[in-house]
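Presented below is the structure to which this report refers.
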Amino acid sequence: MSFNVIFGILLAGLLSNNYALLHFLGTGAVIENERSSKKSLLVGLMTTLVMVVSTAITWPIQTYVLKSVPYLQNMAFVLVMLLVVEVIHLFTRKKFETFCKVDFMKFAINGAVMGLCIHNTALSYVEALVTAFAVGIGFMVTMTVFSKLSSKIDHDAVPAAFRGLPVNLLCAGMIALALLAF
């Protein structure tokens, strides 16, 4: 795989192939994000780690084990993601004590992680890992930008009908349009 292919995958994962905004996978984690930008950055980094490790495990499972029994793919991938999240939580528990276990479990049930693992089975192993990293970083950037934007909204100036989810959806749409411009 050449540098141009890797660079193209990284650029697409960061901008034009954003799973949260353009594929609507893991959108709940972004739209319902009421964290600070620092905590959003941490959630995005942990999601990236979960995406890369899950892809590193699910790709060989799909290629060598589940090829003949594709109906077990979703169940096997969910089990792998739950195990990956639990192992990462065990290793990072002391470092991030304030980071609650609920946030870690959200990684495992995140639709972006599942969708990415399923999508990456059609790629080569290295392409799948690079895609997982790029999509994870794109997800992190989206969460961080969204938390910054939503903290700047003057909710008193927003009409009552648009408060909450509607204004969050408008912000997400504006971020999606900005990313598509690239």
### Task
For residue 21, indicate whether it is hydrophobic (A, V, I, L, M, F, W, C) and open to solvent by less than 40 Å² (accessible area, probe 1.4 Å).
yes
### Query
Do you know which residues across the stretch 57-68 are crowded, with 16+ Cβ neighbours inside 10 Å and either part of a loop (DSSP other than H, G, I, E, B) or not β-branched (Val, Ile, Thr) (or both)?
59, 62, 66
#### Entry: Residue pairs meeting the criteria (Cβ under 7 Å; at least 6 apart or on separate chains; first touching a residue at least 24 places away in the same chain (Cβ under 8 Å) and surrounded by 13 or more Cβ atoms within 10 Å (Cβ to Cβ), in the stretch 163-182; second among the β-branched types (Val, Ile, Thr) and assigned to a helix (DSSP H, G or I))
168/31; 169/31; 172/30; 172/31; 175/142; 175/145
### Query
Out of curiosity, is residue 107 open to solvent by less than 40 Å² (accessible area, probe 1.4 Å) and modelled with pLDDT under 80?
yes
### Query
Can residue 35 be described as modelled with pLDDT under 80 and open to solvent by 70 Å² or more (accessible area, probe 1.4 Å)?
no
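The values are calculated or read from the model by the stated rules, or taken from the named source; none is laboratory data. Quick caveat: nothing in here was measured; it's all calculated off a predicted structure. As a convention, Cβ positions derive from the backbone with ideal geometry for all residues, glycine included, and neighbour counts pool all protein chains shown. What goes into the accessible areas is simple: the full protein's heavy atoms, side chains included, and nothing from ligands, DNA or RNA. Shrake-Rupley method; radii C 1.70, N 1.55, O 1.52, S 1.80 Å.
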